[in-house]
Structure formats: C-alpha cells, structure tokens
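Q: Let me begin by handing over the structure; questions about it come next.
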Amino acid sequence: MDHIDWDKIIYKDFVEQISLVVAVVKVDLLHGPEDLKIEVVKNPNGKFMGICNYEFWGPNQGDPYSSSEECDSIEDAVEDSLAAIRHHYRKEDPPDLMFWIKSNRWHPVESEYLDGNGHVLTYDEVMERRRKKLR
C-alpha cells in the first residue's frame, strides 16, 4: 500500500491528515537511548518525513530539537532526522550533559528525560545539571 484511498475512510469528516508509516529505522548511537528510532511517514503530498522518537538536547544548545522537514525520499528523511541530532551532537561532550527527551509536548515536566549514560532524570534534575554544567 503506497497511498490512502480517502473514499474508504469512514471518519474522514474529522481527520485532517493520514500519513503512511513506510519505514522504521533503529539507530545505535554512542550515548544515545537504546530504543532510538526514526519513523518515516509518507504524507498525502508524496513527501517523506523522518520523525525521531527522541529530541536531542546538547550542553551548548538552547532548546531540544528534532526535525520535521519534508523530503523527497525515505533516505533523505532519515538523513534529515539524523542531521537534526548531528548538528548539536559532539562526541567530546560529557554524556551526563547530553539529554534525550521522549517528549510530552503538552506537559514538558512529564516528558521522559535520559542522559547520555542512560540514566532517567526528572526535568528539574536536567535543568540543575544544565545550570551547573556538572561533569
């Protein structure tokens, strides 16, 4: 299946968009979460988007970031999602100042936070480390 037949969608009156998940890529990354993955969706316009299940927040970065750019191919969508991490990721940064956020956008305090060592942290612990730049 490479498209959605809107005529077969019963509840289309309240659905804004349905996108197909066309690939799921597991990513093993030094100091990354064990369940790091990128889902690639194909939008109704035929473009692809790589959606990472974590946002990365490096020590020299103002806010956590993940990409949401539309791309022409599955490979480009994966590359774009990885580039969003790579832009701020530095191997030489201490892992306890690298943060991975499984986001709950409506309640940031309830999001899941991990450091580069895989330790689960609270939002307050992350903010304290960022303030003090603990090593």
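Q: Can you tell me the orientation of helix 74-86 relative to the chain, as the angle in degrees between its alpha-carbon axis and the longest Cα principal axis, to the nearest 10?
A: Orientation of helix 74-86: about 20 degrees from the principal axis.
Q: Would you order MET49, MET127, MET98 from fewest to most other beta-carbon atoms within 10 Å of each residue's own beta-carbon?
A: Final ranking by Cβ density, sparse to dense: MET127, MET49, MET98.
Q: Also: Hey, got the dipole for the stretch 6-132? About the Cα centre, +1 on K and R Cβ, -1 on D and E Cβ, debye to the nearest 20?
A: With Lys and Arg at +1 and Asp and Glu at -1, about 80 debye.
Q: Using the Cβ atoms and a cut-off under 14 Å, what net charge is assigned to the surroundings of HIS88, where Lys and Arg are +1 and Asp and Glu are -1?
A: 0
Q: Under 29 Å Cα to Cα from LYS47, which lysines show up? Leave out anything in the same chain fewer than 8 places away.
A: LYS8, LYS12, LYS26, LYS37, LYS102
Q: Quick one: what do you get for the chain if you divide its Cα Rg by 2.2 N^0.38 Å?
A: 1.21
Q: Pick from ILE18, ILE101, ILE74: which is most flexible by mean-square fluctuation in a GNM of the chain where alpha carbon atoms under 10 Å apart are linked?
A: Greatest mean-square fluctuation among the candidates belongs to ILE18.
Q: Follow-up question, since we're still on this one. Quick check: net charge around VAL21, other residues with Cβ under 10 Å of its Cβ, Lys/Arg +1 and Asp/Glu -1?
A: Its environment carries a net charge of 0.
Q: Working from Cα positions, state the angle (0 to 90°, nearest 10) between the long axis of helix 123-132 and the longest principal axis of the chain.
A: Once rounded, one gets 50 degrees.
Read-outs: derived from the displayed coordinates by stated rules, not from any lab. Source: prediction; values computed, not measured. In this analysis, Cβ positions are derived from the backbone assuming ideal geometry, glycine residues included, and neighbour counts consider all displayed protein chains.
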